[in-house]
1. Here are some values of Kirkwood radius over Cα pairs in Å: (i) 12.8; (ii) 11.7; (iii) 13.4. Which one was computed from this structure?
2. Just add up the charged neighbours of K8: K/R +1, D/E -1, any other residue whose Cβ is under 13 Å from the Cβ of K8.
3. Rounding to the nearest 20 debye, state how big the charge dipole of the range 1-41 is about its Cα centre with +1 on each Lys and Arg Cβ and -1 on each Asp and Glu Cβ.
4. Only four residue types carry charge here, +1 at the Cβ of Lys and Arg and -1 at the Cβ of Asp and Glu. Report the dipole size of the chain about the Cα centre in Debye, rounded to the nearest 20.
5. Relative contact order (percent) for the chain, with alpha-carbon contacts under 8 angstrom and 6 or more residues of separation?
6. Probe 1.4 Å, all protein chains in place: accessible area of D25 in Å², nearest 10?
7. Summing Lys, Arg as +1 and Asp, Glu as -1, what charge do residues with Cβ under 9 Å from the Cβ of Q22 carry, Q22 excluded?
8. Would you work out which of I29, A55, M39 lies farthest towards the positive end of the dipole of the chain, given +1 charges on the beta-carbon of Lys and Arg and -1 on that of Asp and Glu, about the Cα centre?
Amino acid sequence: MSDIRTLKLTTGEEIVSEVVQQNSDSLDIKNPVRIAPQMTQNGPVLGFVPWVQSANTDQPLSVHRIVTGN
């Protein structure tokens with residue numbers, strides 16, 4: 001089973017990602033997406049956009065500056 005978490009970073013960004021490994025000061029994540037509010041004709045909605053568009057997100061990325069996660 002995948003370990004999918006919502007992470008709040010020190011930059012203020014909120015991302016949703018699969019956590020592959022938890023280290024003492026970081027998380028290794030795969031396939032991260034950023035939560036992006038958008039305005040539609042029916043009002044505001046939340047959507048997902050790739051967090052890192054220039055990297056191969058199938059390979060784990062190491063994230064260090066996490067405020068909170070669940």
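The values are calculated or read from the model by the stated rules, or taken from the named source; none is laboratory data. Predicted model, so just to flag it, every value in this text is computed and none were measured. In this analysis, Cβ positions are derived from the backbone assuming ideal geometry, glycine residues included, and neighbour counts consider all displayed protein chains. SASA here: full protein model, heavy atoms, side chains in, ligands and nucleic acids out. Shrake-Rupley method; radii C 1.70, N 1.55, O 1.52, S 1.80 Å.
1. Looking at Kirkwood radius over Cα pairs in Å for this model, the match is (i).
2. Working: positive: R5, R34, R65; negative: E13, E14.
Summing Lys/Arg as +1 and Asp/Glu as -1 gives +1.
3. On the way: 4 positive and 6 negative charges, 27 e Å.
Roughly 120 debye for the range 1-41.
4. Values: 5 positive and 7 negative charges, 34 e Å.
I would put it at about 160 debye.
5. Details: 134 pairs, mean separation 23.9, N = 70.
The normalised contact order for the chain reaches 34 percent.
6. That residue has around 100 Å² of solvent-accessible surface.
7. -2
8. Farthest towards the positive pole: M39.
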